[in-house]
Structures are given as structure tokens and as C-alpha cells.
1. Restricting to helices (runs of 4 or more DSSP H) lying wholly in region 14-111: which have 2 or more residues that are among the charged types (D, E, K, R)?
2. Any residue that is farther than 14 Å from Val45 by Cα, out of contact with any Cys (no Cβ under 9 Å at 6 or more places or on another chain) and surrounded by 12 or more Cβ atoms within 10 Å (Cβ to Cβ) - is there at least one of those in region 84-102?
3. Residues being acidic (Asp, Glu) and in contact with a strand residue (DSSP E or B) (Cβ under 6 Å, 6 or more places away or on another chain): count how many of those fall in region 30-53.
4. Tally up the residues in region 81-102 that are basic (Lys, Arg) and in contact (Cβ under 8 Å) with a residue 12 or more places away in the chain, please.
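Taken together, the values in this text are just the output of simple stated rules run on the coordinates, not laboratory data. Worth saying up front: this structure is predicted, and the values here are computed from it rather than measured. Cβ placement follows ideal geometry from the backbone for every residue including glycine, while neighbour counts extend to all protein chains displayed.
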Amino acid sequence: MTSAAAEAPRSGCCLPRRIPADDRAQAEAVADTARLLADPIRVQVLELLRSADGEVCQCDLQPLFDVSQPTMSHHLKKLRDGGLIAVERRGKWAYYTINDKALEALRTWLS
């Protein structure tokens, strides 16, 4: 390799000797959120909840997707367990809202 970058001296490198614990915690939070958003249905659910005025009943979400009810429940459970959405049960109905604070780690990292 004869490029100038390959011949540049290695001393004075600006990389830190190790990654601070706070940075690791932020990286884990971003990675966890990214894993939850790796499925298009979950992204669409979040978008619907984000744009809704208030809570949304699962009975209103189900017809919007070409998946079975158990599959939709699985996606909603993943989002709920990850803290990205909240659920309030009223009788046999479940009402969902987005948790904006949970998305803050991703928002902060992206900005």
C-alpha cells in the first residue's frame, strides 16, 4: 500500500483507549430499539399510533394488515415488551398508544 493514508504515522491517533460505559448503554438502547423496528409491520404500527389522535383499539389495527390475529398480537406484544407502546385493557379490548420517551434513545442517536 503506497497511499498517503497507509503511510501516515500511527502516533497521535484520536480514538479513545476505551468506550465509556454511558456510550455502551446508549448503544445497547439504540440496538434494542433497532431490533424491534426491523420488522415492517412494527414500523407501520408505530407510524399509525404516532399519527393517531389518542389511543387505538387493536380491533381497528387488525384489519389494516394482511396477517392473522395471532401474528398481529405477537407484533404488538414485542412492541409493548420493548416499551415502545403502552396498552390499556378494557374488558376484552386492548387500546394502544405510542411511548414517545422510549423512542428518544433512537432519536438522540440519529440526530
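1. Answer list for region 14-111: 21-36, 40-51, 69-81, 104-110.
2. Yes, there is a match, as at least one residue in region 84-102 is farther than 14 Å from Val45 by Cα, out of contact with any Cys (no Cβ under 9 Å at 6 or more places or on another chain) and surrounded by 12 or more Cβ atoms within 10 Å (Cβ to Cβ).
3. Matching residues across region 30-53 total 0.
4. Total satisfying the criteria: 0.
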